[in-house]
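Participant: Shown below is the structure under consideration.
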Amino acid sequence: MRLQNCREAIDWVLINCHHLSPDAAAEVKLASKFCKERAPYLEMQSTKAVNAIRVIKDPIIQGKVLEKVKEAIETRIDPRNGASLPTVAGITSPMISWIIQWMETGEKPTYVPRKPKSTIGIDANDIIPIIDEILAIKLDRKVGSYSMSEELRAKVKTFKDLHTITKGA
């Protein structure tokens, strides 16, 4: 839940909507209370991001994280890479995790951007050249089969590695 008004209406949601656990509703209530009492500038951020900050045990680290998050919201600058934040998305859970790690260690961790989710299907412009090379392979009459060169095999393997979606990625 992203809006504070939605968090405040969680009791109504719990009664009238199915498939919401009481534990989830309790976390939403705690995030709502945290936003009201400690960080009203987080009202438009996701409950997951708010709870990541809320559960920090060390109050000094929590205060430093809140300062950096507030600065990022006000300046609209991503502290990880200096890029401007989108006006809608705001603070994300991975950004919060990065800031927490930074404040706990005192050193900026290396920022590894998320890989864009690959789309289903492969662009024909990417695969046609490889298919053409495979189709150009001639029958080896001595062996009685088609022999692929190591170079072409390496190209196919590289293409497969780039376009295979692995679990957890």
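The values are calculated or read from the model by the stated rules, or taken from the named source; none is laboratory data. Here the structure is a predicted model, which means the values were calculated and not measured. Please note: Cβ atoms are built from the backbone with ideal geometry, for glycine as well, and neighbour counts cover all protein chains shown.
Participant: Can you name the residue in the stretch 99-127 that is at pLDDT 75 or above and loosely packed, with under 11 Cβ neighbours inside 10 Å and, of all such residues, is farthest from residue 60 (Cα to Cα)?
Facilitator: The selected residue is 125.
Participant: Still on this structure, I have one more. Quick check: is even one residue across the stretch 46-56 assigned to a loop (DSSP other than H, G, I, E, B) and under 21 Å from residue 6 (Cβ atoms)?
Facilitator: As a first pass, look at the stretch 46-56 and keep what is assigned to a loop (DSSP other than H, G, I, E, B): 46, 55-56.
Pick out the ones that are also under 21 Å from residue 6 (Cβ atoms) and you get 46, 55.
Checking the stretch 46-56: at least one residue is assigned to a loop (DSSP other than H, G, I, E, B) and under 21 Å from residue 6 (Cβ atoms).
Participant: Answer yes or no as to whether residue 86 is loosely packed, with under 13 Cβ neighbours inside 10 Å, at pLDDT 90 or above and more than 26 Å from residue 11 (Cα to Cα).
Facilitator: no
Residue by residue, here is whether (1) in a helix (DSSP H, G or I); (2) of a type in the set (Asp, Glu) holds:
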residue	(1), (2)
67	yes, yes
82	no, no
91	no, no
95	yes, no
108	no, no
113	no, no
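Participant: Which of the residues belonging to the stretch 5-28 are under 26 Å from the mean Cα position of the chain (by Cα) and assigned to a helix (DSSP H, G or I)?
Facilitator: 5, 6, 7, 10, 23, 24, 25, 26, 27, 28, listed by residue number.
Participant: Pairs only if they're at least six apart or on different chains, beta carbon under 9 angstrom, first in the stretch 61-85 and at positive phi, second at pLDDT 90 or above; list them, first residue then second.
Facilitator: Note: no pairs meet the criteria.
Participant: Also, I was wondering about something else. Of all residues being within 15 Å of residue 93 (Cβ to Cβ) and among the hydroxyl-bearing types (Ser, Thr, Tyr) in the stretch 30-72, which is surrounded by the most Cβ atoms within 10 Å (Cβ to Cβ)? Just the residue, please.
Facilitator: Here the answer is 47.
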